[in-house]
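Notes follow the structure.
The values are calculated or read from the model by the stated rules, or taken from the named source; none is laboratory data. Keep in mind the model is a prediction, meaning the values are calculated, not measured. Counting neighbours? That spans all protein chains shown, and the Cβs are built from the backbone with ideal geometry, glycine included.
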Amino acid sequence: MNNLLNFYSKTASFNDAHRLFAEMPQRTTFSWNTLLSSYAKGGNIETARRLFDEIPHPDSVSWTTMIVGYNQMGRFNTTIHTFQEMISDGILPTQFTFTNVLASCVATGSLDIGKKVHSFVVKLGLSGVVPVANSLLNMYVKSGDLLRAEAVFDRMRLRDKSTWNIMISMHMQSGRFDAALALFDQMADRDIISWNSIIAGYCHQGYDTKALEKFSDMFRSSSLKPDKFTLGSVLSACANLESLKLGKQIHAYIVRADIDISGAAGNALISMYAKSGAVEVARTIVELRGTSNINVIAFTSLLNGYIKIGDVNPAREIFDSLKCRDVVAWTAMIVGYAQNGLLKDALELFRLMITEGPKPNSYTLAAVLSVFSSLASLDHGKQLHATAIRLEEVSSVSVGNALITMYSKSGCIKDARKVFNLICTERDTLTWTSMIIALAQHGLGNKAIELFEDMLKFNIKPDHITYVGVLSACTHVGMVEQGKRYFNMMKNFHHIEHTPSHYACMIDLFGRAGLIEEAYNFIKIMPIEPDAIAWGSLLSACRVHKNVDLAKVAAEKLLLIDPNNSGAYSALANTHSACGEWDAAAKIRKLMRDRAVKKEQGFSWVQIQNKVHIFGVEDALHPQRDAIYRMISKIWKEIKKMGFTPDTDSVLHDLDQEVKEQILRHHSEKLAIAFALINSPEYTTLRIMKNLRVCNDCHSAIKYISMLVGREIIVRDATRFHHFKGGSCSCRDYW
């Protein structure tokens with residue numbers, strides 16, 4: 001009867017097996033185990049457990065059957081608990097027991113328990129059994145304990161393909177390519193998993209070209225055919241390299257070989273076409289396959305492909321058709337809108353996510369905060385800060401870093417510092433860098449330098465962006481010698497190569513300090529070709545310090561690089577004007593007109609009750625024009641009584657003084673301030689944004705206005721923030 005019971009069990013005839021078992025006059029342990037195995041293998045684990053509990057004397061096979069069943073059903077904690085019960089009952093495990101319980105330790109991250117199981121393996125003399133040793137290898141590799149994994153491998157006298165493949169994969173995933181290739185070369189009989197481990201390892205580490213080279217080697221030196229995992233890796237490499245030609249060849253091979261590429265390989269194919277500029281082909285594949293299996297990587301690639309051509313509507317259609325829109329997909333779509341300048345759409349989708357979608361995570365919040373940073377929308381930013389607190393994500397480093405940037409760009413440097421101070425234990429390089437740059441942009445150069453020195457004391461390694469912030473801090477407060485020291489320390493101590501941004505900072509540092517010749521000499525000895533920013537910095541310094549000769553040199557070099565750079569013409573013309581050379585200035589402006597080069601217009605804007613109001617010079621289009629002009633005339637008279645003298649030299653045209661004064665009075669930032677005074681409550685801070693550098697006259701006037709109206713006025717111009725309060729500015733008149 002046991003043979004018949006065994007037949008019913010193996011053919012999944014559960015009812016017949018159960019009926020026969022019930023009719024058996026005498027049941028042996030084999031009988032119990034046979035029926036138990038049929039239930040466990042058939043997925044009826046609860047029925048199996050009830051039967052197990054009825055077994056008079058469960059043996060090693062009984063316990064192992066339950067352990068294997070629980071592990072296969074994904075009930076990993078129960079697997080480990082059942083193993084512990086087995087040991088407590090004094091039943092010795094088999095190799096099958098160990099392989100399954102070790103797999104559950106991997107799945108639950110229970111390395112400590114796994115180590116105890118390892119001790120038991122050694123005690124029972126099973127460490128030389130290849131499947132058990134492979135399970136130990138896998139556990140240590142997946143847990144990140146590479147030293148113990150290597151120790152297990154070195155002690156193995158017998159090894160199979162899985163052994164070698166586990167070790168090759170481990171070395172590749174940890175970037176130890178030489179060690180992985182040495183093992184790969186020692187293998188007498190490689191399988192497709194061996195090749196996949198090398199190819200996928202290169203891909204994951206960003207060595208896409210090497211991955212494709214290894215794929216080519218496989219075709220040349222092996223009779224093995226690539227599987228869907230191989231193809232997924234090489235298509236991902238093609239996507240990253242934007243190699244459309246090779247990607248098409250691989251796609252053709254897939255079609256000829258009739259390979260099923262559902263899942264990861266299909267998504268990699270979509271990504272390859274989307275990233276390589278064939279986004280419509282990618283869209284066609286999505287339509288043919290449907291969106292049920294599209295993953296977030298493929299969706300993001302599609303989204304980025306449409307962003308490149310300036311059309312996110314098709315991406316939104318795909319997003320709307322996704323059945324499982326997880327938080328990553330929502331975040332990718334929000335970021336896509338933001339990157340394409342569709343900030344309103346980004347905010348609307350975020351609001352929809354709050355009401356209908358998954359709970360936003362730290363990356364979502366950081367992405368939306370970056371939108372508010374771009375808008376300098378403080379009210380929205382504060383609301384999102386409250387949302388982050390409510391969602392318990394405010395302690396996240398990514399959210400904290402985004403909040404620092406948002407508050408800084410909105411002019412709230414104190415709030416930015418509060419957020420920084422709250423990120424006590426998890427500050428990363430970006431956190432420190434964001435705060436250093438914020439302090440530098442707000443004219444608090446000394447505090448930025450102090451913070452940088454604190455960063456070094458905490459052994460946080462700065463990166464090249466940190467040094468841009470540090471050098472900018474030195475620039476904004478005139479710390480020339482300190483700037484030189486940090487510039488040298490960057491390469492000599494931290495081994496960070498100088499980039500064009502760092503050279504431009506040094507030129508700006510010398511130029512703002514009036515060291516024009518030193519700035520020019522620095523350009524001449526630069527080991528890289530000076531770019532437009534470098535020559536532009538020198539030209540700007542020449543304009544401020546009225547050095548016509550060097551201004552001509554800088555403008556000439558700048559126009560060679562960028563012939564349509566309106567700033568070069570304007571700066572050179574303004575330099576001539578500042579020196580009273582009106583005819584020379586007029587010639588430059590005529591040349592600009594003849595070449596159809598349009599000058600960048602200066603404008604300022606202010607946000608009142610979530611609406612942005614934009615003003616140009618002599619603006620006559622605003623609905624409150626008359627009230628604004630009356631207000632600015634009143635202010636102008638009052639501050640002149642207080643001692644303000646209009647800086648008519650700031651008007652770089654040969655005009656009467658009265659006309660110059662009228663032009664100055666109606667500069668865009670002054671009109672924006674007048675409007676804000678009319679439309680905001682008393683004593684509230686005014687926040688004005690400007691696309692160009694604030695002129696000398698406006699800077700002086702706003703100091704007086706802040707004293708007149710008793711308000712703090714924060715102006716963000718093209719390079720920095722100015723905090724005007726009580727008649728003084730945070731820049732201490734050095735900008």
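Computed values, structure above
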read-out: Single residue of region 691-701 satisfying the filter (surrounded by 17 or more Cβ atoms within 10 Å (Cβ to Cβ) and in contact with a helix residue (DSSP H, G or I) (Cβ under 7 Å, 6 or more places away or on another chain)) that is modelled with the highest pLDDT; value: 701
read-out: Where a residue in region 42-69 is farther than 21 Å from residue 92 by Cβ and its partner, wherever it lies, is surrounded by fewer than 20 Cβ atoms within 10 Å (Cβ to Cβ), with Cβ under 7 Å and at least six apart; value: 42/12; 42/14; 43/73; 45/73
read-out: Selection from region 509-530 of residues that are more than 34 Å from the chain's Cα centre (by Cα) and assigned to a loop (DSSP other than H, G, I, E, B); value: 513, 514, 515, 525
read-out: Filtered residues of region 122-152 (kept if farther than 12 Å from residue 167 by Cβ and among the acidic types (Asp, Glu)); value: 145
read-out: Matching entry among 37, 62 (being modelled with pLDDT under 90 and either over 25 Å from residue 114 (Cα atoms) or outside any loop (DSSP other than H, G, I, E, B) (or both)); value: 37
read-out: Enumeration of residues in region 538-558 that are in a helix (DSSP H, G or I), closer than 21 Å to residue 718 by Cα and at pLDDT below 90; value: 539, 540, 541, 542, 543, 544, 551, 554, 555, 558
read-out: Criterion (touching an Asp or Glu at 6+ places or on another chain (Cβ under 6 Å) and either farther than 23 Å from residue 688 by Cβ or among the hydrophobic types (A, V, I, L, M, F, W, C) (or both)) met by exactly one of 425, 429, 433; value: 429
read-out: All positions within region 137-148 that are of a type in the set (A, V, I, L, M) and within 10 Å of residue 105 (Cα to Cα); value: 139
read-out: Some residue of region 395-403 being of a type in the set (S, T, N, Q), out of contact with any helix residue (DSSP H, G or I) (no Cβ under 9 Å at 6 or more places or on another chain) and modelled with pLDDT under 90; value: no
read-out: So residue 694, is it part of a loop (DSSP other than H, G, I, E, B), assigned by TED's automatic domain parsing to the domain that holds residue 639, touching a residue at least 40 places away in the same chain (Cβ under 8 Å) and of a type in the set (Val, Ile, Thr); value: yes
read-out: Every pair of residues 6+ apart whose Cβ atoms lie under 9 Å, when the first sits in region 590-606 and is in contact (Cβ under 8 Å) with a residue 40 or more places away in the chain while the second is assigned to a strand (DSSP E or B) and of a type in the set (Gly, Ala, Ser); value: 602/616; 603/616; 604/616
read-out: Scan of region 316-347 for residues that are among the aliphatic types (A, V, I, L, M), over 15 Å from residue 373 (Cα atoms) and not in a helix (DSSP H, G or I), ordered by number; value: 322
read-out: Top-ranked residue in region 601-618 [being surrounded by fewer than 15 Cβ atoms within 10 Å (Cβ to Cβ) and over 32 Å from the mean Cα position of the chain (by Cα); ranked as nearest to residue 569 (Cα to Cα)]; value: 601
read-out: Conditions (1) under 37 Å from the mean Cα position of the chain (by Cα); (2) acidic (Asp, Glu); (3) surrounded by fewer than 21 Cβ atoms within 10 Å (Cβ to Cβ); number of the one not met by residue 682; value: (1)
read-out: Qualifying residue in region 302-318 (condition: surrounded by 16 or more Cβ atoms within 10 Å (Cβ to Cβ), at pLDDT below 80 and β-branched (Val, Ile, Thr)); value: yes
read-out: All helices (runs of 4 or more DSSP H) inside region 106-206 with 1 or more residues being farther than 27 Å from residue 87 by Cβ; value: 146-155, 161-173, 177-186, 192-204
read-out: In region 480-508, residue farthest from the chain's Cα centre (by Cα) [restricted to those that are crowded, with 20+ Cβ neighbours inside 10 Å and of a type in the set (A, V, I, L, M, F, W, C)]; value: 507
read-out: Complete set of residues in region 417-453 that are more than 22 Å from residue 719 (Cβ to Cβ), over 22 Å from the mean Cα position of the chain (by Cα) and modelled with pLDDT under 95; value: 418, 421
read-out: Matching entry among 418, 414, 447 (being free of Cβ contacts under 8 Å to residues at least 12 places away in the same chain, part of a helix (DSSP H, G or I), under 20 Å from residue 512 (Cβ atoms) and of a type in the set (D, E, K, R)); value: 447
read-out: Residue in region 141-161 that is crowded, with 21+ Cβ neighbours inside 10 Å and either closer than 24 Å to residue 268 by Cβ or in contact with an Asp or Glu (Cβ under 7 Å, 6 or more places away or on another chain) (or both) present; value: no
read-out: Matching residues in region 183-239 - criterion: being within 24 Å of residue 275 (Cα to Cα), surrounded by 14 or more Cβ atoms within 10 Å (Cβ to Cβ) and of a type in the set (Val, Ile, Thr); value: 198, 199, 230, 234
read-out: In region 128-140, the residues that are crowded, with 18+ Cβ neighbours inside 10 Å and out of contact with any Phe, Trp or Tyr (no Cβ under 7 Å at 6 or more places or on another chain); value: 129, 133, 134, 136, 138, 139, 140
read-out: Subset of region 450-479 that is in a helix (DSSP H, G or I) and among the small types (Gly, Ala, Ser) - its residue that is surrounded by the most Cβ atoms within 10 Å (Cβ to Cβ); value: 473
